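No lab work stands behind these numbers, since they all come straight from the coordinates. Computed from a prediction, not measured in an experiment: that's the story for all the values here. Note that we place each Cβ from the backbone using ideal geometry, even for glycine, and neighbour counts take in every protein chain shown.
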Amino acid sequence: MKKNSTFHVLTFCMVFLVFSAPFVALAQQFSGEAQAAIDRAKRDAEALTNKRLWFFAGCFGTFFGYLAANTYHSPVPTVALLGKSPEYVAFYTDTYVTKTQQLQSDQALNGCIIGAIVQFGIPLCATAVRYAD
């Protein structure tokens, strides 16, 4: 009985090792290409995102500017994807969209905070000065 259960445990371990090895090899094969795509996408997102636009959208549009920054997806530059493998394109596209949306959202939130301070702070200071006299 003990021999039989040991056999099943060893068989299960062998099957697991046989079927998991190809996936590890595939993950290692694409890691260099994937990292290159991710790095390039982050660089391009930093360079191509109009941060001033999203800051002023948040500043003047308040909540609606922030909402627009979270819903708008900027188009992926296709020039960077010409002649690349499908895996590279997938990693680049996912990273680019995520990074641009993060940058847009951060800038719009900063603008929204500054806009709220200006919109409510100046009248509040003006009324405080008026009643101080």
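List of remarks:
- Most mobile listed residue (Leu17, Leu82, Leu67) in the chain, GNM with C-alpha springs under 10 Å: Leu17
- Lysine pairs with alpha-carbon atoms under 28 Å apart, the chain, spacing 8 or more or separate chains: 5
- Note on the chain: dipole from Cβ charges, positive end direction compared against Tyr96, Thr6, Pro123; the farthest Cα belongs to Thr6.
- When +1 charges are put on Lys and Arg Cβ atoms and -1 charges on Asp and Glu Cβ atoms, the dipole computed for the chain relative to its Cα centre reaches about 320 debye.
- Only one residue of Ala108, Thr49, Gly61 has its Cα farthest out toward the positive end of the dipole of the range 33-132, where Lys and Arg carry +1 and Asp and Glu -1 on Cβ, and that residue is Gly61.
- Among Phe55, Phe60, the ranking by other beta carbons within 10 Å of each residue's beta carbon, starting with the fewest, stands as Phe60, Phe55.
- A simple count of charges around Lys84, restricted to other residues whose Cβ falls under 14 Å of its Cβ and scoring Lys, Arg +1 and Asp, Glu -1, yields -4.
- Entry note, the range 33-132: relative contact order of 45 percent, from Cα contacts under 8 Å with a spacing of 6+ residues.
- Options (i) 15.2, 47; (ii) 26.5, 97; (iii) 17.4, 55 - which one matches Rg and Dmax of the Cα atoms in Å as calculated here: (ii)
- Fewest-first ranking of Arg52, Arg40, using other Cβ atoms within 10 Å as the exposure measure: Arg52, Arg40
- For Cys125, Cys59, order by how many other beta-carbon atoms lie within 10 Å, fewest first: Cys125, Cys59
- Using the Cβ-Cβ distance between Arg52 and Met14 with R0 set to 41 Å, the FRET efficiency from 1/(1 + (r/R0)^6) comes to roughly 0.10.
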